[in-house]
Amino acid sequence: MLTFKNVSKNYKNRAVLDNINFNIDEGEFVFLVGHSGAGKSTIIRLIIKEENLTSGSIHFAGYDIEKLNKKALPFLRREIGVVFQDFKLLDRKTAFENVAFALELSDHTNREIKKGVDYILDMVGLSSKSKFFPNQLSGGERQRVAIARALVNNPHILIADEPTGNLDPSVSWDIIQLLNKINSWGTTILMATHASDVVNSMQKRVIALDEGKIIRDSEGGYNE
Amino acid sequence: MMLKAERILKYTYQHIVRNGWLSFASIAIMTLTFFVISIFSFTVYSVNVILHYYESKSQIIVFFNPNAPISYIQSVKKDIIDTGKASNIKYVSKQQAFTNFEKVLKTQNPQLANAVDLNALPPSYEISTTSLSNLEDIANILYKVKAQSKGEINNILYFKSVVQFLKKAVSIITSIGIGLIIFLSIISFVIIIITIAITINSHSEDIEIMKLVGATDTYVSGPFIIEGAFYGIIGVFISSIILYLIYLVISTSYRKSVLLPILSFFQGIPIPQYSILLLLEIIGIEIFIGIVIGAISSFIAISRYLKK
């Protein structure tokens, strides 16, 4: 479903990704691990075409991402749910409106939106706070809203970039459990993290990066 | 399509309401801008009206010899009419001239009034035109007629220097006024663009997020463009109301001459009258300009983010 083929990315002649190859199948839960600056976030930015690659190709759900034009880009992004470390919620919209926004973009009716958002907020345990603005929510709650927004469009893949990076350990664990639950329902998950305890406890497929190269791609804990 | 439009309008409403202070500031700037431009335009227009009033009051007076035959006097009138440039030709007969003269002198110098003979006063034409250049043309024709006459025309009264001064004043004030209005407009529009850019800047993170979750450019920019147009409409609307109130106060107190002593100086000059229809037309045009400027400013400011 998601294939990286000989992907390299340079910033001003400095290679941040060097000949990356991997394939993620539908329903997988994959950790992308490595130190800061190893290239985890760059991989995510390339998938959602926030940046262009230097060489190679990325294929996702029938899209050749490199060849995608500016007009088609929003449609690609609606098929990928992304959760960020800093949540990236719209501060002037309530939790409900933040989640609804993703559905409004794909022209769902108001009735469908209400039903879909209520369902997904209930799933992430926030139905009682749907009218709260992000600044009235805790960090964990904000991340749940972000997950709800990423999920509500029923995406092919949910990509989480350090989703627990700004959260307390106990809250982080809740978020991981939630992602695991979502994966068990069939959604593919790619999660970038350097939280070794999380990776160790989950024992899923791990793609480890170091200085822009894949140094490991196997199931297990953080350092295996 | 309808759904999309409805949502863009909903986002616009949320932007405006949830950004209360910034919206208020944008509306205030728009109001101030249109107010200053309007006040300035009306001032230039009013000064022009006043100058034109004096222009229309300028006259040429042709004094005939008291013994000039009436047929000659009428032929001169025909010459003036033939030019097509006179707006009013008033004949003052010997009798009328005497009555006018008597009226003035009786209060000032009754003895002199008694000494003046009716036949000593000349009949005359008082000629008015709509513009100063027409007045000059008629004056030139009359000078020619006088040169050809055999003493039937006594004198031609035409204050050339005053007329020339007025003519110059009208043209200078008009060109300086138009220049200043253009200059002010450019400055104001730059201020409007900057204000709206600041508003959009405060949304820069939102724009980035919207694009990340798959919003098209129309979805992102639509609400901002409508928001800009909305500020334009409200700005024009408020400034028009304030201006109209000022106009009402000035025009009523001008008629009664109670507001400012200086206004009494202008007594007699017809202040520009605006019918409701004309005012609505002016407001309509201003609202259109407001919408265009607001929307264009937003578009310019938002395109910076859409390119990213």
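Coordinate-derived values only; no laboratory data. These figures come from a predicted structure and were not determined experimentally. Counting neighbours? That spans all protein chains shown, and the Cβs are built from the backbone with ideal geometry, glycine included.
Assorted remarks:
- Take every pair of alpha-carbon atoms less than 8 Å apart whose residues are at least six positions apart; their mean separation over the length of the range B:59-158 yields a relative contact order of 53 percent.
- Based on Cα contacts under 8 Å between residues 6+ apart, chain A shows a relative contact order of 29 percent.
- About its Cα centre, the dipole of the range B:167-254 is roughly 700 debye, where the only charges are +1 on Lys and Arg Cβ and -1 on Asp and Glu Cβ.
- Selected from A:V198, A:Y222, A:N180, residue furthest toward positive end of dipole (the range A:179-224; charges at beta carbon): A:N180
- When the helices of chain B are scored as -39500 (n - 2.57) per DSSP H run of n ≥ 4 and the total is divided over every residue, the value at 222 nm lands at -26500 deg cm²/dmol.
- Gain in span if fully extended, B:K146 to B:S133, counting 0.36 nm per residue against the direct Cα distance: 2.7 nm
- Both radii are taken from the alpha-carbon atoms of chain B; with Rh as the Kirkwood radius, Rg/Rh is 1.25.
- Helix axis angle, A:169-184 relative to chain A longest principal axis, alpha carbon, degrees: 90
- Estimated inter-spin distance, A:S184 and B:K4, nm [label 7 Å along Cα→Cβ]: 4.1
- Counting only alpha carbon atoms, the long axis of helix A:95-105 and the longest principal axis of chain A meet at about 70°.
- Between B:S202 and A:I215, the modelled label-to-label distance comes to 4.7 nm, taking each label 7 Å out from Cα in the direction of the beta carbon.
- Rounded to 0.05, the FRET efficiency of the B:Q164 and B:K90 pair, given R0 = 22 Å and the Cβ-Cβ distance, is 0.40.
- Relative contact order of chain B, pairs being alpha-carbon contacts under 8 Å that are 6 or more residues apart, as %: 29
- At q = 0.11 Å⁻¹ the log10 of I(q)/I(0) for the range B:1-100 amounts to -0.64, computed by Debye summation with a single uniform scatterer per C-alpha, solvent ignored.
- Helix-only [θ]222 nm of chain A, DSSP H runs n ≥ 4, -39500 (n - 2.57) each, per residue, nearest 500: -10000 deg cm²/dmol
- Based on every Cα atom in the range B:7-51, Rg and the maximum pairwise Cα distance Dmax equal 17.2, 54 Å.
- For the residues of B:120-132, the average number of beta carbons from a partner chain within 10 Å of their own beta carbon is 0.
- In units of the rule-of-thumb radius 2.2 N^0.38 Å, the range B:59-158 shows an alpha carbon radius of gyration of 1.15.
- Distance distribution note for chain A: the fraction of Cα pairs above 23 angstrom is 47%.
- Only the Cβ atoms of Lys and Arg (+1) and of Asp and Glu (-1) were treated as charged; on that basis the dipole of the range B:59-158 about its Cα centre amounts to roughly 100 debye.
- For the set B:K103/B:K146; B:K103/B:K144; A:K70/B:K10; A:K67/A:K181; B:K106/B:K167, the pairs lying more than 32 angstrom apart at their alpha carbons are B:K103/B:K144; A:K67/A:K181; B:K106/B:K167.
- In order along the range A:113-118, phi translates into HN-Hα couplings of 5, 4, 5, x, 5, 4 Hz, rounded to whole numbers, per the Karplus curve 6.51 cos²θ - 1.76 cosθ + 1.60 with θ = phi - 60° and x for Gly and Pro.
- Chain A: angle of helix A:139-151 to the longest principal axis, Cα-based, in degrees nearest 10: 80
- Alpha-carbon geometry of the protein assembly as shown: the Rg and the Dmax are 40.6, 133 Å, given in that order.
- Dipole magnitude for the protein assembly as shown: computed about the Cα centre from +1 point charges on Lys and Arg Cβ and -1 point charges on Asp and Glu Cβ, it is near 1980 debye.
- Förster radius 22 Å - calculated FRET efficiency between A:D91 and A:K70, Cβ distance, rounded to 0.05: 0.25
- Considering every alpha-carbon pair of the range B:143-240, the percent of pairs per 5 Å bin, from zero through the bin containing the longest distance, is 2, 9, 10, 11, 9, 8, 7, 6, 5, 5, 4, 4, 4, 4, 3, 2, 2, 2, 1, 0.
- Across the options B:S171, B:I186, B:I198, the greatest Cα extent toward the positive end of the charge dipole of the range B:157-244 (unit charges at beta carbon of Lys, Arg, Asp, Glu) belongs to B:S171.
- Label-to-label distance, B:V249 versus B:L279, with points set 7 angstrom from Cα along the beta-carbon direction: 1.5 nm.
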